[in-house]
Amino acid sequence: MSTHDQDQKALQHPIVIESRALLEKGKMSRREFVRNATLLGVSATAAFAMAHKITGEPLEALADNHGTPKPGGVLRCAMALQDCKDPATFDWVEKSNVARHQQEFLAITGPDNVTRPMLAESWSASDDLKTWTFNIRKGVYWHNGDELTAEHVAFNFRRWLDEATGSSNIGLFAAMVEEYDTGEKDDEGKPKMGKRMIDGAVEVVDTHTLRLNLSSAVLSMPENLYNYPTAILHPSFSGDIVADKNGTGAYQIVEHKVGERAVLKKAEFAKGEYWGASVDHIGPGYLDEIHYYHFEPASQAMVTAVLSGQVDMNYEVGVDSLEMARIVPEATLMAASTAQTGCLRFNITQKPFDDVRVRRALQLCCDPAAYPELIFQGAGVAAEHHHVAQIHPEYFPLKPLTRDIEQAKKLLAEAGYPDGIEVTLDCGNTSGPWQQQACEIFKEQAVEAGVNVNINLMPASKYWEIWATTPFGLTQWTHRPLGTMVLSLGYRSGVPWNETAYANPEFDAALDQAEALLDVEKRRAAMEKVEQILQDDAVMIQPIWLPIFFLVKNSLKNVGAHPTLYHQFNKVWIDA
């Protein structure tokens, strides 16, 4: 089917028609319309053209820098380098940035928040959003010479949704998963439940067609398929992409030393050539090599590395390095609007945090309004303890939860702590010293309520060993384009990244309902219940949404400011 025919078919989808009507009435933004239309199979070109016709707003802005790309050269980047073996279990964006140019995705979401086809040439959804059909791109070859097939993609879904894999994707694709009785008992003698893929959820229609059959409606399926643990692996995968080196991407990882450096070189294909060269929004991979050098997260050394010419860009600039970064010659400080955040989260199965009164009391000690100024000189946005950001399209503004020291004291007394309480807060500064600052601010805010917070500062690597089990710790969560995505990953009952051990069927059901709604106003209204349940259950203290900055030499062209700090270098070139 041609792109034109695909567009004409997708434009008749009831949700695209409804989205168009909402755009015409001014009840949906152009950005939300383009997002919905592209998720349902309309090409970005057609979606922007339709939005332009309705609103008169300019067509899609050109992402490319002016000038003619020059093939060749080595891009050097300062970034933390961790173990990089199995993309399905990745828990750091940095890991995926090393892997991203070797292991590719079915879809790709750009800095403009528009999701476009990648290894899937196109997709379509049923009217009820419960059946999704992906047309796998023909003529895509793995480095070993095998042609990419629908069965290869199905292998990945089966693997992601097998609890034994330990992938966070089992939470993201909740509509393809069911609970079952494992036959074991928990500590209280109750049946121990597990999660598994629903029989028939993945259907290989033919060599290049894959169908996903869901138990509930999901609009964001293509968008979910660019979440960083959803990179597509060959069925021969043995557990280590550095050793296997078999992807579909323009580059291969030829060297990887944890804490030192990683080197990617242009891939050699046993059959055919790199498919992305013929697709405008993907690009051929102009660079000869991509080098990553290890630096501690958001450290000043990352900035001095650009200043000294040791690297061409860095992954992230910490708040304490912003002034230095602004004066680096022949370089640009780039910023991304994002839903990155840090949560001081409780494991609610461990004492004293198994008592909601204790959690609520500590939450009431926090004044989020103080954090942006004290940490980021006014940058950043105060958060509201429910992990849905103001920039998320489905965000519902709850009544502000204000600091209330007297109520905090009362709750602590009711919980058996009339003289206050002492707690330990683990902090690993996994993305820079701002995390320690956040902990120190909370410590000062809590003293008045009789709460003594002992900050346990540890190396970042040590924190990531205990992040999912620590009773009380600060964990940074990266940006997702939808609040529902991060809630599914982090707070659904029993999912791998549920570091709070939160399990509330009412919350799960409310989130299911919100995920299925198209109308932004209706979805926002549904999110009121989702946000309120999570805030009332006080599983976290969430003070701030983070500003994100990184530094790029002006000689690098086409480096976009992706809100998730995903590296997309296929169209990057060096103007030496």
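Values quoted throughout were computed directly from the atomic coordinates according to the rules given, and no laboratory measurement underlies them. Small disclaimer: the values here were computed from a predicted structure and weren't measured. In this analysis, Cβ positions are derived from the backbone assuming ideal geometry, glycine residues included, and neighbour counts consider all displayed protein chains.
Rounding to the nearest 20 debye, state how big the charge dipole of region 103-240 is about its Cα centre with +1 on each Lys and Arg Cβ and -1 on each Asp and Glu Cβ.
200
Restricting to region 341-545, what percent of DSSP beta bridges are antiparallel, rounded to 5?
Of all bridge pairs located within region 341-545, approximately 55 percent are antiparallel.
Do any GluC sites (Glu not before Pro) in region 162-249 lie in a DSSP loop with no more than 11 other beta carbon atoms within 10 Å, and if so, which?
Passing both the DSSP loop test and the Cβ count: GLU188.
In terms of the Cα gyration tensor, with a ≥ b ≥ c the square roots of its eigenvalues, is region 110-269 rounded because a/c is under 1.5, prolate because a/b exceeds b/c, or oblate?
Note, shape of region 110-269 comes out oblate.
Would you mind calculating the relative contact order of the chain from Cα pairs under 8 angstrom and at least 6 residues apart, reporting the percent as a whole number?
19
Determine the gain in length on full extension of the stretch LYS410-SER29; use 0.36 nm per residue of separation and subtract their C-alpha separation, reporting nm with one decimal.
Fully extending the segment from LYS410 to SER29 adds 132.7 nm.
Which whole-number percent is the relative contact order of region 341-545 (Cα, under 8 Å, 6+ apart)?
37
At q = 0.08, 0.10, 0.11, 0.12 Å⁻¹, what is the base-10 log of I(q)/I(0) for the chain according to the Debye formula with one equal point scatterer per Cα and no solvent? Please give it to two decimals.
-0.55, -0.88, -1.08, -1.30
Using just the helices of the chain, give the 222 nm mean residue ellipticity in deg cm²/dmol: DSSP H runs with n ≥ 4 each add -39,500 (n - 2.57), and the total is spread over all residues, rounded to 500.
-8000 deg cm²/dmol
Taking amide H positions as placed in the peptide plane 1.01 Å from N, state which residues far from ALA339 in sequence (5 or more) or on other chains have amide H under 5 Å from it.
Answer set, sorted by chain and number: HIS479, ARG480.
Could you state the number of Å between the C-alpha centres of region 389-456 and region 483-558?
So the separation of the two Cα centres works out to 19 Å.
Relative contact order for region 3-55 using alpha-carbon pairs under 8 Å, separation at least 6, rounded to a whole percent?
40
Take the cross-link list LYS138/LYS271; LYS25/LYS53; LYS85/LYS138; LYS138/LYS571; LYS410/LYS529 and give me the ones stretching past 24 Å between alpha-carbons.
Beyond 24 Å between Cα atoms: LYS85/LYS138; LYS410/LYS529.
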